[in-house]
1. At 0.36 nm per residue, and after removing the present C-alpha to C-alpha distance, how many nm does the segment from B:Ser210 to B:Asn255 gain when stretched out fully?
2. Could you pull out which residues in segment B:62-89 have an amide N less than 19 Å from a spot 7 Å beyond the Cα of B:Ala104, following the Cα-Cβ vector?
3. Starting from the Cα of A:Lys70, draw a straight line to each of the aspartates and glutamates and keep only those under 18 Å, dropping any in the same chain fewer than 8 residues away.
4. In degrees from 0 to 90, rounded to the nearest 10, what is the angle of the helix B:229-239 Cα long axis to the longest principal axis of chain B?
5. So what's segment B:158-275 giving for Rg/Rh, alpha carbon basis, Kirkwood Rh from the mean inverse pair distance?
6. Hey, what D do you get for segment B:114-190 in µm²/s if you plug the Kirkwood alpha-carbon radius into Stokes-Einstein at 25 °C and 0.890 mPa s?
7. How big is the dipole moment of the protein assembly as shown about its Cα centre under a simple scheme where the beta carbon of each Lys and Arg is +1, that of each Asp and Glu is -1, and everything else is neutral? Debye, nearest 20, please.
8. Less than 14 Å apart at the alpha-carbon level, and either on another chain or at least 8 residues along: which aspartates and glutamates does that give for A:Lys115?
Amino acid sequence: MKTFTFVSVAAILAAFAAPVSAGQFEVWSDGAKGGNRTVIVSFAGDGHTQDAQADIAFDPGLEFVAASAKVAGSVCVELKGKNMVRVVPPSGAGSALSSKQTDYCAFSFRSRGGKAVAGTGLTVSFTECAGASGSSNCESNAIDVSEK
Amino acid sequence: MKIKNLALATAALLGLVGAPATFACSIAAWNGTPGGTPVAGRPTDSPSVPRYSGQCGLRAATSGTFVTDNTPTAEAAFRARFYVYTGLTSGQAVVYRARNAANADQITVTYNQGSPGTFSFAIPGATAQTVPAITDRWYAIELNWAAAGTLTATVRGASGQGAAPAETVVNVTGGTAGGAIDTAQLGWVAGTGVASARGIVADAYESRRSTAIGRLCRADANGSNSVTAGDRTAITLELGGTLAAGQPDCNEDGNVSAGDRTCVTNLLAAGASCN
């Protein structure tokens, strides 16, 4: 399996940085060529979002292996039976979440039966960015790091 | 089909449900003579009135305090759903009673305080059935009554910080056939007991002839009919004084607090939706 050093995510983001008009999830995958992959999900706030959530569907050709939180208090879980993982940063509890792109969750997957899965194999199916003025969708991107 | 939505009549008529807390909580939707002086109010009122859903609840601090719905008319089949907060330190409270035109009881739901306490479900001519219940918690009560002399009661509440406990279903059978329902009363209808700080509180009453009603989406604080991270924000806002539009009391303890935000987080981690 390819080794994927996520320390570099911030640097990669810096290279692709753009003004953020809403909270934004980034889903970083190293497995565009199929096979096993590691996925990091990061989030950058917009100065208003206090709570955020992303539910990310994964290709049926992938098998969930493990999840870990990179920031204490984050929800990083598989939604069993749904081919989906969930990412929820810790609540801002009245304060806006950091606008600095921050890695919250790491997930690992392996391919079922060794078959390749095209692209990232990941689709952000639901997002929510909630603040004092209400809730709306967050922006999101699924990015194949191996192609950068 | 009939729907009675407690304590938000004024708001609903004016289309203000979910709007800032500028309208008065009201029992105007209840067309029968109330017992005592039931208080429709908000958690932000003094004294505070907890609610399960929306902004308003109905508080009964003493026995004989209730609202009355005279909309039913000789109903041979009847369903009802309500939420009740079990605010007693001792004794008992009849929290719901349905009667026929001659004022004979057809359905009686009683909370008996104890360790643990119980809800008791009774119909004429049959042995009452009980379900365990603890003090100072919200419970959803669903009733399905038929004139043939049967009552099915479904109870769930006091959920705590995680997934809701399983619902408890009891069947009261062998009752006297031929009954009818012409009126319903909700609150602290009868019974002798001592109220806790809040007393008996009721909310979110609905009644129908035959269609199942179902529970509200617990922890859906912002009223989106789902449980998502945004519900945590709605709870945070309520802690700051802006009441949530949905069902923010995730742990069903009668207080909306930071613990309810943690409860929502726990549900999100468990992959729960409406629960």
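Throughout, read-outs are computed from the coordinates displayed, never taken from laboratory work. Only a predicted model underlies this, so the values are computations on that prediction, with no experimental measurement involved. Cβ sites come from the backbone with ideal geometry, for glycine too, and all protein chains shown count toward neighbours.
1. Stretched out fully, the B:Ser210 to B:Asn255 stretch lengthens by 12.9 nm.
2. Taking a point 7 Å out along Cα→Cβ of B:Ala104, the residues of segment B:62-89 whose backbone N falls under 19 Å are B:72-78.
3. Result set, ordered by chain and number: A:Glu26, A:Asp30, A:Asp51, A:Asp55, A:Glu78, A:Asp103.
4. Tilt of helix B:229-239: around 90 degrees.
5. Here the Rg-to-Rh quotient is 1.05.
6. Translational D for this selection: 178 µm²/s.
7. With Lys and Arg at +1 and Asp and Glu at -1, about 500 debye.
8. The reachable aspartates and glutamates, counting only those whose Cα sits under 14 Å from A:Lys115, are A:Asp59, A:Glu63.
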